[in-house]
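Okay, so here's the structure we're looking at.
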Amino acid sequence: MASQLIREWVGIQQFPLATRSRLLELLGLLKQQDVSSLTILVMGKSGVGKSSTVNSIVGERAVAVSAFQAEGLRPVLVSRSSSGFTLNVIDTPGLIEGGYVNDQTLEIIKRFLLDKRIDILVYVDRLDAYRVDNMDKQVIKAITDSFGKDIWRKSLLVLTHAQLSPPDGLEYDAFCSRRCEALLKVVHSGAKLKKQDAWGFDIPVVLVENSGRCNKNQSDEKILPNGTAWIPNLVKTITEVALNGSNSIMVDRKLIEGPNPNRQWKEFIPLIFAFQYFFIIKPIQGAIRSDISKEAKPAWELRDGGRSSRRW
Ligand code: GDP
Ligand code: MG
């Protein structure tokens, strides 16, 4: 990160006092644990609110947000520093194009991340979507194939557009938990997280409302319909994931140019075949040959003088 331009985190001063003091408290907690910088990778489909969420976290309009235009092709790194703590947030272009994962975009993102460390993956989707589909699964799978399934140990889900009235008279919290459950299920199946992989904890989900029309509490903090001040809640969850004891993901050449990190054992298949050939098949063939040579030939074969093998 040294070559990047690290600016003073002025946006933190723009937050209401209650939010600011909570954020400084959380940054203090990180520093106490010797964490003086965090790199957050933000990924998801197009138009779900990735860039808006980046801007909400840093408290300024650092990256472009657009309702209609396609996103830029390159990831953008936003670095901000405050009282000895550096926050790096990497905004990325949406991964889906024309119904499929765009491999070229994925490749650009991987190259951009080369030699960087991912401390947190923020996977963004919308709360106000009523179905999960194959596209969601494809994006999750593409992320897993690129960075390995362990990236999900350092991840959280962010659901935007959280200021909504649920359909069918459902309670807000009940609607949110149904949507979270459905998405977590897709993450688990898209990333092939199995019980035996010791997923002893679930991926946290944070609700976000990036709109300027978001309701506020008496302290002027943006709140969700259930009263939660979501910016401190988001940063608190990021802090918890950062300190959850799992390792950050180092993006090196081996990770991005090597085989799928989840299937590295497949490299050993030729070796296994070679082992079988030299240590099982060859000795068996040798034993058969020596058996044949030692075999006492029947009298008819000796009488025949090999004529039976003559070709006509
Ligand atoms: P990206 O393509 O994932 O980076 O999405 P953007 O951040 O560019 O957002 C796409 C559109 O959704 C923009 O018009 C944003 O203003 C809008 N948007 C993003 N997040 C929210 C949110 O939480 N609530 C609402 N109401 N609109 C949002
Ligand atoms: Mg964007």
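Assorted remarks:
- Taking the stretch 120-143 as the range and being open to solvent by less than 10 Å² (accessible area, probe 1.4 Å), of a type outside the set (A, V, I, L, M) and modelled with pLDDT of 95 or more as the test, the residues that pass are Tyr123, Asp125.
- Options Val235, Val206: the member that is part of a strand (DSSP E or B), closer than 17 Å to Val124 by Cα and at pLDDT 90 or above: Val206
- Taking the stretch 104-130 as the range and being more than 16 Å from ligand 2 (Cβ to nearest atom), in contact (Cβ under 8 Å) with a residue 12 or more places away in the chain and out of contact with any strand residue (DSSP E or B) (no Cβ under 8 Å at 6 or more places or on another chain) as the test, the residues that pass are Lys110, Arg111, Leu114, Asp115, Asp128, Ala129, Tyr130.
- Residues in the stretch 49-65 include at least one that is touching a helix residue (DSSP H, G or I) at 6+ places or on another chain (Cβ under 9 Å) and without any contact (Cβ under 8 Å) to a residue 12 or more places away in the chain.
- Of all residues in the stretch 54-75, those that are out of contact with any Pro (no Cβ under 9 Å at 6 or more places or on another chain) and near ligand 2 (Cβ under 9 Å from one of its atoms) total 5.
- Residue that is farthest from ligand 2 (Cβ to nearest atom) [pool: residues in the stretch 79-101 that are among the aliphatic types (A, V, I, L, M) and farther than 14 Å from Ile118 by Cα]: Val101
- Tally of residues being more than 13 Å from ligand 1 (Cβ to nearest atom) and in a helix (DSSP H, G or I) across the stretch 100-125: 9
The values are calculated or read from the model by the stated rules, or taken from the named source; none is laboratory data. Since we're looking at a predicted model, the values are computed, not measured. Because the Cβ atoms are built from the backbone with ideal geometry, glycine has one as well, and the counts that use them run over all protein chains shown. Note: accessible area is taken over every heavy atom of the protein model, side chains too, but ligands, DNA and RNA are not part of it. Shrake-Rupley method; radii C 1.70, N 1.55, O 1.52, S 1.80 Å.
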